[in-house]
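These notes are about the structure you will find just below.
Derivation of every value follows stated rules applied to the coordinates shown; laboratory data play no part. Model, not experiment: these values are computed from the prediction. Cβ atoms come from the backbone with ideal geometry, glycine included; neighbour counts cover every protein chain shown.
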Amino acid sequence: MDWLRFIKAAVRRPKQVGALLPSSQYLAEEMIRDVPERPSGLVVEVGPGTGPITAPLLQRLADPAVYLGIDANDQFLTTLARRYPQAAFVHDTVEHLERHLPEGKHAAHVVCSLPWAIFAPAMQESILGTLVRALGPGGTFATFAYQHGRVVPRGKAFRKLLDRQFREVTVSPVILRNVPPAVVYHCAK
């Protein structure tokens, strides 16, 4: 039923959800590739949606207390909080992420499922700036782009923004077993 809930939300709020189907397990595995079982700090998931990345991420973490999920869709979060009571979820926009971090702490890893190619460049820059500030030294950031979104002007602008904000950006092979096919940007601060 998650896929049905996801599709309904996508139809009602296409600019908030940014996709018609949840991410595949193959995309999820690539997204969490750099997150260790015992991270040195907080692991933040931005835009967990119905949880296709949340599930394997929480399975990987030895201690779910290091996880924080933030999403603007309260219906998604209600479902996730019921399904994963051991994890912390916050109903808010990513622009306010820093308010939800423990005092004086940074995230060690950020896994982000926001629809970057539909955001105007100024919004991309603002949101990514928030995420970079939330990351501690040596932190990692993973986000994805649909293959077709990489060639549109906003997709290209986002790629350039990643190169300006991170010391290293690598791109995964195209994940064909996702609808639509996607790549993951793995970034290191």
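Couple of notes before you dig in:
- Burial ordering of Phe141, Phe166, fewest other beta-carbon atoms within 10 Å first: Phe166, Phe141
- Beta bridges by DSSP in the chain, antiparallel share as percent, to the nearest 5: 40
- Pairwise FRET efficiency - His96 versus Arg177, Cβ, R0 = 35 Å, nearest 0.05: 0.55
- Rounded if a/c under 1.5, otherwise prolate or oblate - segment 35-105, Cα gyration tensor axes: oblate
- The simple spin-label model puts a point 7 Å past each Cα toward its Cβ; for Glu103 and Glu168 those points are separated by 3.5 nm.
- Here the gap between Gln75 and Ala157, fully extended at 0.36 nm per residue and compared with their Cα-Cα distance, gives a gain of 26.4 nm.
- Values of log10 I(q)/I(0), in the order q = 0.08 Å⁻¹, for segment 2-188 under a Debye, Cα-only, solvent-free model: -0.22
- Applying the Kirkwood pairwise sum to the alpha-carbon positions of segment 121-189 produces a hydrodynamic radius of 12.5 angstrom.
- On the beta carbon distance between Ala188 and His148, with R0 = 22 Å, the FRET formula returns roughly 0.25.
- Reachable aspartates and glutamates from Lys156, criterion Cα separation under 16 angstrom, eight or more residues apart if same chain: Glu125
- When you restrict to C-alpha pairs under 8 Å that are six or more residues apart and normalise by the size of the chain, the relative contact order lands at 21 percent.
- Here the dipole of the chain is about 500 debye; that uses its Cα centre as origin and unit charges on the Cβ of Lys and Arg (positive) and Asp and Glu (negative).
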